[in-house]
Amino acid sequence: MLQRLRSSLCRVLAGASPFRPPVRVTRNSSPGLAGFAVRHVSPPRHAFPRAHSFVMACLPRATATLARQDCSNGCSAPCAGDRGSEVAETFRAKDLIITPATVLKEKPDPDTLVFGASFTDHMLTVEWSSASGWEKPHIKPFENLSIHPAASVLHYAVELFEGLKAFRGVDNKIRLFRPDLNMSRMCRSAVRTTLPMFDQEELLECIRQLIQIDQEWVPYSTSASLYIRPTFIGTEPSLGVKKPSKALLFVVLSPVGPYFSSGTFKPVSLWANPKYVRAWEGGTGDCKMGGNYGASLLAQCEAVENGCQQVLWLYGKDDQITEVGTMNLFLYWTNEDGEEELATPPLDGIILPGVTRQSILELARQWGEFKVCERYLTMDDLTTALKENRVKEMFGSGTACVVCPVSDILYKGQMLHIPTMENGPKLASRILGKLTDIQYGREESDWTVLLS
């Protein structure tokens with residue numbers, strides 16, 4: 001019984017749900033046999049119950065007790081359930097305090113936007129402490145943060161963030177694209193960082209109201225958008241390595257231009273070198289944490305020094321292909337069995353569960369025109385397929401670019417050419433067109449949430 005409860009806890013801390021068995025991934029490593037057997041299990045819709053706000057409230061009582069035992073080392077703050085009813089277990093959008101900015105900034109030209117360099121007039125902040133729980137959310141003029149020099153975010157990277165966009169459609173209505181997936185992923189990251197849970201729908205409603213106030217910052221363009229950056233940091237004013245007793249959740253907005261400035265695809269070249277590893281089993285690769293990105297910068301610099309634009313992250317002795325830069329990766333090819341296939345690495349704990357990634361998989365399965373597989377891919381698989389002319393396209397996927405084609409990979413001193421552009425790229429272009437049609441309202445879809 002205790003072992004099962006501990007296993008349930010471990011799955012939660014690894015980003016899985018305590019309400020279902022873990023996804024089992026097995027690899028066939030016999031010589032001459034390629035491919036992996038992957039059983040894909042979609043997460044249940046109730047994985048993060050709306051009424052349960054703190055992480056301990058998401059677990060059965062006995063499992064929560066074990067969690068308190070397992071995380072007690074260095075944790076001075078009591079866990080949820082140990083405090084009185086006066087603790088606010090979530091913030092509420094109905095309690096929003098709004099302080100309008102008295103001086104409004106000039107809106108930038110959508111055609112000259114640099115990613116993440118311009119910010120809107122307002123921001124959202126919500127404070128939390130173990131003593132009183134969540135404070136009331138506050139929309140206020142955009143300003144610098146003031147935090148203690150010993151704040152845990154500064155010393156121990158107790159931090160997470162999300163990235164999503166608001167689009168002004170062809171009908172002048174503002175839409176969010178699948179924001180529920182971002183909220184769920186944010187909660188999973190919060191579990192991993194020991195930051196407190198919150199009601200996902202309440203945060204989403206606060207974000208909606210923030211965008212409504214700054215709606216003129218949503219570019220009047222079908223090639224630009226408003227980037228939304230929810231961020232959650234530990235503000236524990238102590239140098240002790242422990243679960244924070246104070247935290248700050250805030251959201252800033254930034255108008256961004258098109259990823260491809262010319263309006264056409266620009267393929268990228270990749271540097272594939274096992275010298276650096278982005279993520280590993282039991283790590284935080286499946287969570288959206290700042291530490292994952294900061295630790296990748298040196299590899300990115302070396303990629304540029306070697307004449308490439310992005311890093312192709314490899315893992316393991318067999319050089320498994322995992323992600324490209326900050327994007328998920330897709331390979332469209334004829335597989336070893338002669339099947340036309342769209343493949344992407346499985347969510348085994350080292351891959352970030354991207355919203356665009358999930359959308360591409362669902363679209364391709366809906367089309368039903370070729371095999372869609374979440375499977376392991378190695379550099380040997382790729383080089384063999386290139387020699388046999390079985391590779392059609394390779395592309396990254398993410399919020400910033402939607403899809404980004406790959407043209408070359410530098411691996412072991414040899415530049416491998418990927419014929420993505422020679423093949424259209426038909427599939428990448430089709431995916432980009434379909435998703436942007438949904439995002440900008442040219443096509444109705446339940447993947448979008450209307451704000452106006």
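Numbers at a glance
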| quantity | calculated |
| --- | --- |
| Per residue accessible area of the stretch 93-256, 1.4 Å probe, in Å² | 40 Å² |
| Per residue, in Å², the accessible surface of the stretch 346-449 once ligands and nucleic acids are set aside, probe 1.4 Å | 40 Å² |
| Computed FRET value (nearest 0.05) for Arg92 with Val114, which takes r as the C-beta separation and R₀ as 45 Å | 0.80 |
| Apportionment of accessible area to carbon and sulfur, the stretch 93-256, percent (1.4 Å) | 53 percent |
| Normalised contact order of the stretch 148-188, rounded percent, pairs of Cα under 8 Å and 6 or more residues apart | 31 percent |
| Total formal charge among the other residues, if their Cβ is under 11 angstrom from that of Asp121, Lys/Arg +1 and Asp/Glu -1 | -1 |
| FRET E, pair Glu201, Lys173, Förster distance 22 Å, beta-carbon r, rounded to 0.05 | 0.60 |
| Computed lengthening from Lys387 to Ser429, 0.36 nm per intervening residue step minus Cα-Cα distance | 12.6 nm |
| Heavy-atom accessible area order for Glu393, Glu201, largest first, 1.4 Å probe | Glu201, Glu393 |
| Relative contact order, percent, the stretch 141-230 [alpha-carbon distance under 8 Å, six or more residues apart] | 39 percent |
| Per-residue SASA entry for His138, accessible area with 1.4 Å probe, Å² rounded to 10 | 50 Å² |
| Modelled FRET efficiency - R0 41 Å, Leu154 with Asn306, Cβ distances, 0.05 increments | 0.80 |
| Amide proton proximity set for Thr193, modelled H, under 5 Å, gap of 5+ | none |
| Contour minus Cα-Cα distance for Met415 and Val241 (0.36 nm per residue) | 58.2 nm |
| Relative contact order for the stretch 93-256, counting Cα pairs under 8 Å that sit 6 or more residues apart, in percent | 34 percent |
| Per-residue SASA entry for Arg357, accessible area with 1.4 Å probe, Å² rounded to 10 | 10 Å² |
| Interchain or long-range residues, amide H under 5 Å from Val403's placed H | Gly398 |
| Euclidean distance of C-alpha centroids, the stretch 161-229 and the stretch 405-438, integer Å | 28 Å |
| Ranked by how many other beta carbons lie within 10 Å on average, peptides 216-229, 299-312 from highest | 216-229, 299-312 |
| The stretch 358-452 - percent of accessible surface contributed by carbon and sulfur, probe 1.4 Å | 47 percent |
| Candidate lysines for bridging to Lys317, where Cα separation is under 20 Å - those fewer than 8 sequence places away on the same chain excluded | Lys275, Lys412 |
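The values are calculated or read from the model by the stated rules, or taken from the named source; none is laboratory data. Just so we're clear, the structure is a prediction, and the values are computed from it rather than from any experiment. Note that we place each Cβ from the backbone using ideal geometry, even for glycine, and neighbour counts take in every protein chain shown. Remember, those area values only see protein heavy atoms, side chains included, never the ligands or the DNA or RNA. Shrake-Rupley method; radii C 1.70, N 1.55, O 1.52, S 1.80 Å.
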